[in-house]
1. Name every residue in region 357-368 that is touching a residue at least 60 places away in the same chain (Cβ under 8 Å) and either within 16 Å of the ligand (Cβ to nearest atom) or assigned to a helix (DSSP H, G or I) (or both), in order of residue number.
2. Have a look at 233, 273, 196 and point out the one that is touching a residue at least 12 places away in the same chain (Cβ under 8 Å) and buried (at least 16 other Cβ atoms within 10 Å of the Cβ).
3. For region 318-330, name all the residues that are farther than 17 Å from residue 358 by Cα and in contact with a strand residue (DSSP E or B) (Cβ under 6 Å, 6 or more places away or on another chain).
4. In region 221-326, which strands (runs of 3 or more DSSP E) lie fully inside it and hold 1 or more residues that are under 30 Å from residue 158 (Cβ atoms) and over 24 Å from the mean Cα position of the chain (by Cα)?
5. Count, please, the residues in region 109-129 that happen to be farther than 21 Å from residue 2 by Cα and buried (at least 18 other Cβ atoms within 10 Å of the Cβ).
6. Looking only at region 70-79, decide whether some residue is surrounded by fewer than 24 Cβ atoms within 10 Å (Cβ to Cβ), more than 29 Å from the chain's Cα centre (by Cα) and within 25 Å of residue 126 (Cβ to Cβ).
7. Restricting attention to region 521-544, which residues are surrounded by fewer than 21 Cβ atoms within 10 Å (Cβ to Cβ), assigned to a loop (DSSP other than H, G, I, E, B) and on the phi < 0 side of the Ramachandran plot?
8. How many residues does region 372-393 contain that are modelled with pLDDT of 90 or more, over 25 Å from residue 360 (Cβ atoms) and within 12 Å of the ligand (Cβ to nearest atom)?
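The values are calculated or read from the model by the stated rules, or taken from the named source; none is laboratory data. In this text, all values refer to a predicted model and were calculated from it rather than measured experimentally. Here Cβ is always computed from backbone atoms with ideal geometry, including for glycine, and neighbour counts include all displayed protein chains.
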Ligand code: F6R
């Protein structure tokens, strides 16, 4: 987590550093800071809380200087205070860091024994001290960095500014992403290319273990063994405008509204809509695969869970799925030649990446469903399966989730055809059903106003349950996750059949129970569970269609009615009402929808 930026410019950089940090705020937002060189001397501004506090500081005490670094923080070691905010300074050195230095305690003890005085509780400060000690001993900045890196254990991306060095920024990457931007007589550093979009689209990504020396003419990159290496220059298309909020109150609202478009783009990439065929994904031979393993985190994991139902039902392909933070430690026995799929919006999630590396070691073919095509997970995969959701800024994933579902549904159809479990007519039916998704999602978006009203009626609840069966079960899990992360109301998702095995004890008239139940082959079973809730006074919010309502056998407190649709596509469309319910409940509760407390968009720590 944490966002880092650096500019080696020809004009004052403070304002530009803060603008870049705004684009990185999704990575962390509990404190922020910048440092520049003014007449060769280090100057620094830091502020606890959101970036706007730093902006106010910068307005009150402007920093000059044409070279600088900046940071937006998601606290790991040390609370989110000004004292712990980056950049951290020791001697002539200022450092910003994303990641965790695992051996910082022993390094700190040794540095303190050598006379160093620490100002913060962070792990990062040891890096500034190590560099400072090396410089004081007469090392060049490059040698000091190479030496320091060898002493650090853990994951990091670093940007380093050194007093007296007006044409130098240093950078390093191990485990956490870092991009170098090349401009006209200026160079830049950023945790991702979006941060640099206003300055340049000419990007060089540092690879695992790389470190780099930047001056105004360009960049020299060294690998983990300190050998000079060339890394490809990429000219990116991503337009800076893509990350603006437009007329929406929140990025999340904009991203929910974009779903018909981005799902349409994604489906068109994987399906031949005119021919009614799923395109055979290049590099994946589903006919030759016996089992698939899927690992992901959070919302991406729930997408994988829906995928499991699709692959198993349609393609008769067994799927093992786990949250990546468990998968990587389970020591799963994997038969060489198997297929592992990783799902990630950011493509940087530490546990997902570690699971990927575990599977690579075990001789698996690696496929990644990712939204950021330049991400580490994408780059370390054999087959990249892009979601074409565009940049997702709201911390709570919405459009990336429905695009992940669209990719997995299309793959399941392709797998079914390749394995001969469906014929051409069934493939055509499924592809035609998928082609309807953008239109149906638009219809679901039209329910926003009435879902907002329901949000107003439940916002004081202290617990909310979500129930679903089959592919509606992961949507219930997703609905509960969205509600708790955005509105801070405790919410749980359950497989409807599990209700009577414990959670039913929670039900009384104060507990809203959201039942996600399109009228499908499982509806009657879910309707029985609903009766059990009603018999105990639970307040049912039924998300269903006309037929479901007619067969519910009770009058729910609230009903969200979606159009009738083939059951295979329902999970994609039914995701919309649970997104809206969480969004509007949070808006009523006045929480920070785009940046909920304690969270970060890109979880690059374990
Ligand atoms: C919840 C949410 C998170 C992410 C999770 C994985 O709304 O967004 O649960 O889904 O942190 O992130 P990615 O997909 O970037 O690997």
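1. Of everything in region 357-368, those that are touching a residue at least 60 places away in the same chain (Cβ under 8 Å) and either within 16 Å of the ligand (Cβ to nearest atom) or assigned to a helix (DSSP H, G or I) (or both) turn out to be 359, 367.
2. Exactly one of 233, 273, 196 is touching a residue at least 12 places away in the same chain (Cβ under 8 Å) and buried (at least 16 other Cβ atoms within 10 Å of the Cβ), namely 196.
3. Correct list: 319 only.
4. 233-235
5. 2
6. So far as region 70-79 goes, no, none of its residues is surrounded by fewer than 24 Cβ atoms within 10 Å (Cβ to Cβ), more than 29 Å from the chain's Cα centre (by Cα) and within 25 Å of residue 126 (Cβ to Cβ).
7. Hits for region 521-544 are 521, 522, 536.
8. Total satisfying the criteria: 2.
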